[in-house]
1. How much accessible area per residue does the chain have, counting only protein heavy atoms and a probe of 1.4 Å, in square angstrom?
2. Over what distance in Å are the Cα centres of the range 123-155 and the range 26-79 separated?
3. Counting alpha carbon pairs within less than 8 Å and at least 6 residues apart, what relative contact order, in whole percent, applies to the chain?
4. Just to be sure I understand the model, the point goes 7 Å from the Cα along the line to the Cβ. What's the resulting Leu144 to Arg66 distance in nm?
5. Give the aspartates and glutamates whose C-alpha is closer than 12 Å to that of Lys46, dropping any in the same chain fewer than 8 places away, or say none.
6. Rg and Dmax in Å for the chain, alpha carbons only: what are they?
7. For the chain, which whole-number percentage of the solvent-accessible area (1.4 Å probe, protein heavy atoms only) is attributable to carbon and sulfur atoms?
8. Which order, highest average first, do 138-144, 184-190 follow once you tally other Cβ atoms within 10 Å for each residue and take the mean per peptide?
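The values are calculated or read from the model by the stated rules, or taken from the named source; none is laboratory data. Not measured: the values here are computed from a predicted model. A quick note on method: Cβ atoms are made from the backbone with ideal geometry, for glycine too, and the neighbour counts reach across all protein chains shown. Side chains included, ligands, DNA and RNA excluded: accessible areas come from the protein's heavy atoms. Shrake-Rupley method; radii C 1.70, N 1.55, O 1.52, S 1.80 Å.
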Amino acid sequence: MSNKAEKTLVVLKPDTIQRNLIGDIISRFERAGLKIIAMKFLLPTKEQAYKHYVKSEEEIVALGNRSIEGNKKRGIEITGDPKEIGQKIMDRLVEYLALSPVVAMVLEGNNSIQIVRKLVGSTEPTSSDVGTIRGDYTIDSYDLADGDNRAVRNLVHASANQVDADYEIPVWFKDSEIFTYKNVRDAVLYDEKFN
Ligand code: GDP
Ligand code: MG
């Protein structure tokens with residue numbers, strides 16, 4: 001179903017900022033037709049990073065399971081308790097997100113959640129498709145990250161679904177920081193007649 005006002009959260013993680021890729025990555029969202037309706041540059045606290053990632057206790061188990069599944073697809077069998085695996089990934093992620101400044105933004109547009117996930121690409125950069133942000137701009141892998149006891153550096157966070165977007169946006173933005181405005185592209189993208 002289409003929803004031209006759908007909102008999604010994007011966070012450009014510290015590796016984007018450290019590698020001077022802010023402009024390149026934002027331009028990918030802009031050129032796809034997405035509208036920036038909120039944006040800030042900030043150093044998140046660990047509490048904020050934790051709140052962002054851990055929607056509920058089940059989220060840790062779910063992250064562990066996504067990791068086990070993701071590795072299995074690549075022919076790597078990981079054994080262990082999903083909760084412990086998820087917790088280890090989460091601890092590194094939280095530490096990483098709170099390490100240096102990030103850019104948080106809310107993007108709006110038709111089916112923005114799914115569109116942004118498609119533009120961002122799959123989680124592990126070594127298997128993200130060419131043409132996606134993760135596939136084009138970075139080369140990290142889980143085994144490299146795990147060997148160094150750090151989070152995998154995959155440049156961008158993007159809300160996975162509607163439930164996550166509704167939860168995540170208020171972790172980063174007050175209602176008053178999110179804008180409703182028309183830009184000139186709206187007519188071309190959405191109206192039947194624009195001339
Ligand atoms: P995303 O929505 O594509 O970012 O992926 P997830 O929500 O499943 O995971 C959140 C973040 O945790 C990812 O962006 C990665 O930075 C990290 N991550 C997820 N799975 C793994 C894993 O198996 N190993 C490592 N090292 N990091 C992971
Ligand atoms: Mg996710």
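1. 56
2. 13
3. Computed value for the chain: 34 percent relative contact order.
4. So the label points at Leu144 and Arg66 sit 2.1 nm apart.
5. Asp91, Glu95
6. My reading of the Cα-based Rg and Dmax gives 17.1, 61 Å.
7. Roughly 53 percent of what the probe reaches on the chain is carbon or sulfur.
8. Taking the mean over residues of other Cβ atoms within 10 Å, the ranking is 138-144, 184-190.
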